[in-house]
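Have a look at the structure below before the remarks.
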Amino acid sequence: MTNPTRRLVSRAIVVTGLAAMIVGAARHPHAASAPSLSPAGEEAIGALLRQKVAAGMPAIAVVVVNARQQLLIDAAGHRDVAAHAALATDSIFRIASMTKPVTSLAVMMLVEEGRVRVDDPVAKYLPQFERVRVLTTFNEADGRFESRPPARPITIRHLLTHTSGMAYPFVDRRIAKIDDGKKARAEVPLLHDPGERFTYGPSTAVLGLVVEKVSGRRLDEFVKARIFDPLGMVDTFYAVPADKHDRVVTLHARSDADLVERPNPATIASNVAGDGGLLSTAADYGRFMQVFLNGGRAGSARLVSDSTIRQMLSNQIGRLVVEQQPSVDLARAKPFPFGGGKDAFGFGFQIEAAPAGSGLRSVGSASWGGINNTHFWIDPRRQIAAAVLMQLLPYYDDAAIDVLRSVERLVYQHLRTTS
């Protein structure tokens, strides 16, 4: 990559030799060799992005980091296709559920301070969850349902691992009919008893409410003061400042074989929520990922302890696995994620439990994504992390996943280790 602007800018926990190596790298990143990308790799990734844009992807930004520095940042395509505005490396993306790891880190900060315990019932902090119930029967014809009390209370651990039983409407047709948008979170029934299995839902939204209750601050204020400011994440927010509006990437939606662009509104702001809503840049999210490669630090900033990072990046669901989530709205999302049926989940992250394939992320890697096809992974074993950002619906669109996996293969193909 020669453009100077690009340069600027496991089902149970088993201690094996591989696991020890992964943990060791997370504990002592600077004791290990620092990986880098070869110049040929930088050029190859840049060429790939331009090729994918030429094939129809509107916008792609990529960042790759190690614990110490940014290894690559690149962008191709258009921030606004209709306006012929080129995408830049500092363009701002709606990262949606990539908000969840941020909220999970915020919760773990409170755990580390002794203000929250992971095995506390959520009702200790939010009493309305004492009346939550589990769905037992559902009538397709009229939407009526029956429910029962749960076998056990929802805990903070269940929320962090998506084993609470809460489900999003777009992954379950029953919840899609029951949740009319007017019910309080605790009034929507669970699909199963807490701790019984993995179900993707608004668990992290509830964690955001816990952060607010315990800290006495709005969630956006907490994460800005405790995470974004210390890390220098100056372009990450729920509401885009007026002077940064023209850096926000438009969203596209696939309609048959075509892509339809949705113009940005005059004011770009999301509801403050723990499970989504943040906007960010590739560089900013790179700084966030470095915290997990660097034992809770990024530069001179210490956010949490090395022990907390290890907990977040470890299997926290035992013999359960991440289950592939169906979709009842294929315009919004296709079934996801890959790794369904084999992977574990930590506190806020999907954890690679078995090899993903040749030339891909290592066992022990942590990942998640946002519904507009923003994706990231953190590889403690190889000591790198990367984010691939797009703005396209549906989630797990074939072309978007091809971009993600193609970038990933090039990263590992050209990764070098230096002392």
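Shown here for the stretch 87-121: trypsin sites (Lys or Arg not before Pro) in loop regions (DSSP other than H, G, I, E, B) with at most 14 other Cβ atoms within 10 Å, namely Arg115, Arg117.
In this structure Ser38 has an accessible area near 20 Å², from a 1.4 Å probe over the protein heavy atoms.
Packing-based ranking of 136-144, 312-320 yields 312-320, 136-144, ordered from highest to lowest mean Cβ neighbour count within 10 Å. The helix-based estimate of mean residue ellipticity at 222 nm for the chain, built from -39,500 (n - 2.57) per DSSP H run of four or more residues and divided by its residue count, is -7500 deg cm²/dmol to the nearest 500.
The residues packed around Gly276, meaning those with a beta-carbon under 11 Å from its beta-carbon, carry a net charge of +1 if Lys and Arg are +1 and Asp and Glu are -1. Taking every protein chain into account, the accessible area of the stretch 299-342 amounts to 47 square angstrom per residue (probe 1.4 Å). Per-residue SASA remark: Phe145, around 80 Å² accessible (1.4 Å probe; ligands, DNA and RNA not included).
Taking the centroid of alpha carbons for each part, the stretch 283-300 and the stretch 68-86 are 22 Å apart.
Computed on protein heavy atoms with a 1.4 Å probe, the accessible areas place Arg361, Arg310 in the order Arg310, Arg361, largest first. With R₀ fixed at 45 Å, the C-beta to C-beta distance from Ser255 to Asp229 puts the FRET efficiency at about 0.65.
As a rough guide to protection, the peptides 176-189, 287-300, 371-384 ranked by mean Cβ packing within 10 Å, highest first, stand as 371-384, 287-300, 176-189.
Summed over the residues of the stretch 364-416 and divided among them, the accessible surface reaches 22 Å² per residue at a probe radius of 1.4 Å. Computed over protein heavy atoms with a 1.4 angstrom probe, the accessible surface ordering of Arg247, Arg302, largest first, is Arg302, Arg247. From the square roots a ≥ b ≥ c of the eigenvalues of the alpha-carbon gyration tensor of the stretch 216-360, which class results: rounded (a/c under 1.5), prolate (a/b over b/c), or oblate? Oblate, because a/c is 1.5 or more while a/b does not exceed b/c. Using only the C-alpha atoms, the convex hull of the chain corresponds to 141 Å³ per residue.
On the chain, 50 percent of the accessible area sits on carbon and sulfur atoms, based on a 1.4 Å probe.
The mean sequence distance of close C-alpha pairs (under 8 Å, at least 6 residues apart), as a share of the length of the stretch 127-176, puts its relative contact order at 27 percent.
All alpha carbon pair distances within the stretch 358-419 were sorted into 10 Å bins beginning at 0; the resulting P(r) in whole percents reads 22, 51, 23, 3, 0. To the nearest 10, the accessible area of Asp172 is 20 Å² with a 1.4 Å probe. Counting 0.36 nm for each residue step from Ala55 to Leu330 and taking away their Cα separation leaves a gain of 96.8 nm. Excluding ligands, DNA and RNA, the accessible surface per residue across the stretch 140-251 is 42 Å² with a 1.4 Å probe.
Measuring nothing but how far apart in sequence close Cα pairs (under 8 Å, 6+ apart) lie, relative to its length, the stretch 348-411 scores a relative contact order of 26 percent.
Could you calculate the contour length gain from Arg152 to Glu113, that is, 0.36 nm times the residue separation minus the distance between their Cα atoms, to one decimal place in nm? Fully extending the segment from Arg152 to Glu113 adds 11.4 nm.
The values are calculated or read from the model by the stated rules, or taken from the named source; none is laboratory data. In this text the structure is predicted, and so the values were computed from the model without any measurement. A quick note on method: Cβ atoms are made from the backbone with ideal geometry, for glycine too, and the neighbour counts reach across all protein chains shown. The protein model used for the area step is the full one, side chains on, heavy atoms only, and it has no ligands, DNA or RNA in it. Shrake-Rupley method; radii C 1.70, N 1.55, O 1.52, S 1.80 Å.
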